[in-house]
Each structure stands twice: as structure tokens, then as C-alpha cells.
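For reference, the structure discussed in these notes is given below.
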Amino acid sequence: MKDSGGRAGAIRIASAGNLAFAAAMIFVGILGLMHRDFAPLWEPVPEGIPARTVLIYLCALVPLAGGLGLLAARTAPAAARLLLAWFAFWLLALRLPRVLFAFAVDSWWGACQTAAMLGAAWVLVTEFAGERDPLRVAAGEKGLRIARSLYGFALIPFGIAHFLYLEATAPLVPGWLPAPVFWAYFTGATFIAAGVAILAGPWARLAAALSTLQMGLFTVLIWIPIVAKGASESQWGEFVVSLALIAAGWVVTDSYRGSPWLRRVREVVA
């Protein structure tokens, strides 16, 4: 990457999304250290998992170190790779096996949120990659497409959950909004549409931006008022995860800067 002066290899902080992601990682790390337990972003974790205490501290220290590293130009590339490696480990070693052998809403939901975070970390790796980077395949255009696809794929089950668990979703709609069932279905459908659009390509930038905006509105209209009134443990967890997903979506959205908001399908196919 070159800076504005054109010096090869100079690294700059990529975007506001990077700063948001760094802040989210720092927050998750501090939560883990304060409570000496897994922050909500890492749950659910099986009770009998080996080296549980070690994993608790790694789940605090890795995002804390990664988040702080993203704030400095010199350490940002290494920090992005650290977060990429950790989210990849979490997805492959803990999330996907639970999906295969203990399929339930908490297992596939957890896998999707980890996939979204992995996609964002991967985007940052591509942002900070130098011209002679040894990870050219992972950090190149093909790697960027995979990173965006991970985020887009994760959005689809998020939307499906609104339909499968309507009885839990509709009551969250603020009371001043009419027709809560409609809004539950509508937001579920928009998540699915955004995921498909990101995977397909033509309207990917718009889809990423709108999905991030929607998660931001969820946080402002639903989770912040709930937390202010005194949230339960599960509601507090949803709030923390929502903040992390906003940051991830912001990173992915920023990766499309310079691209048109809308593209014709034949342009993408060509």
C-alpha cells in the first residue's frame, strides 16, 4: 500500500471502519479481563472445554492486543493478522464442530457471528498488505472476495432467524412502532437480501452499507434502551455482539470505497 505521498510500503490507518473495529476489539478484551470469563462475542463455549481458563484469557488478550495494534500504523498489519488467525481458529475449532454435532440456534448463530468477524479481520489484512506481502493470495483480490463473502453469508442466517423465532423477535420492536410482526419479517428479509447481494456482487456496496445501518438502528432503538433500563445477561450479550457486528459491517462497507453503489449484473458477470 502507498500513502498519499506515494512512498511504497508506507502503511496508513485504512478507514473509520478500522477504528470502529479496533474500538470493538478493545471493548471485548476489557470485558473479558474484567469478568474473567468469555465475553459475549465468544459464547457459547462448552463447559467442559480443555484449558478453559487459558482460553478465557486468550479471548481477552488477543482482541485487546489486536485492537490496540490496529490504532498504530506500524503495528496494524500484524494486529490484523493476529485477529484473522484468532477468529479463524475460533470458527474452525469451536464453532463449526458444534454446528455439525450439536446443531441448534446457539451453535449456528455463533458460527455466523464469528464468520462475520473473520470476514472483517480478513478485509483489514488486505487493507494493510504490502506489495511484496508473502500472503499475496490471502491478501489479494481473491482473498478480499472471500472475506466479503464470509460477511455476506453470515447475514443470511441472521435474517432467517427473524422468521424462525418470530416470538422472540417481534417483542423487541419498540412500542411506538406499529405492526411489530411486519418489522420483524421486514428486517429479516432485508438481512437475507443484503447477504445475497453481497455474495452476488452487483449491489454489494449498498447492501453492506444498509446491513450495517440496520444493525446500528437495532442497537440504538432496541439494545441501548434495554441496557439503560437494566438488561438481563442475555440482553447485555446481544448488545455487545451488536456493537461488534456493526464494526465488522463498517469494515466490509469501507472495503468497497471507490466502487459504484449500484452496478448492472452484466458488468459483474463480465
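The values are calculated or read from the model by the stated rules, or taken from the named source; none is laboratory data. The shown structure was predicted, so the numbers you read here are calculated from the model rather than taken from an experiment. Every residue, glycine among them, receives a Cβ derived from its backbone with ideal geometry; neighbour counts consider all protein chains shown.
List of remarks:
- Residues within the stretch 162-178 that are within 20 Å of Val220 (Cβ to Cβ) and either touching a residue at least 24 places away in the same chain (Cβ under 8 Å) or in a loop (DSSP other than H, G, I, E, B) (or both), tallied: 8
- Criterion: surrounded by fewer than 16 Cβ atoms within 10 Å (Cβ to Cβ) and of a type in the set (Gly, Ala, Ser) - qualifying residue of Ala170, Ala73, Ala80: Ala73
- Selection count, the stretch 173-195, where residues are surrounded by fewer than 17 Cβ atoms within 10 Å (Cβ to Cβ) and of a type in the set (A, V, I, L, M, F, W, C): 7
- Residue under evaluation Ala111, criteria (1) assigned to a helix (DSSP H, G or I); (2) touching a residue at least 24 places away in the same chain (Cβ under 8 Å); (3) surrounded by fewer than 23 Cβ atoms within 10 Å (Cβ to Cβ), criterion not met: (2)
- Filtered residue count, the stretch 231-264, keeping only those that are of a type outside the set (A, V, I, L, M), surrounded by 12 or more Cβ atoms within 10 Å (Cβ to Cβ) and part of a helix (DSSP H, G or I): 10
- Of everything listed in (1) touching a residue at least 24 places away in the same chain (Cβ under 8 Å); (2) over 23 Å from Phe163 (Cβ atoms), the single unmet condition for Gly237 is (2).
- Of the residues making up the stretch 200-209, those that are surrounded by 18 or more Cβ atoms within 10 Å (Cβ to Cβ) and in contact with a helix residue (DSSP H, G or I) (Cβ under 6 Å, 6 or more places away or on another chain) are Gly201, Trp203, Ala204, Ala207, Ala208, Ala209.
- Selection status of Ala39, aliphatic (A, V, I, L, M) and farther than 19 Å from Ala244 by Cβ: no
- From the list Ala121, Ala104, Ala139, Ala129, the one residue that fits, being closer than 26 Å to Leu58 by Cβ and at pLDDT 95 or above, is Ala121.
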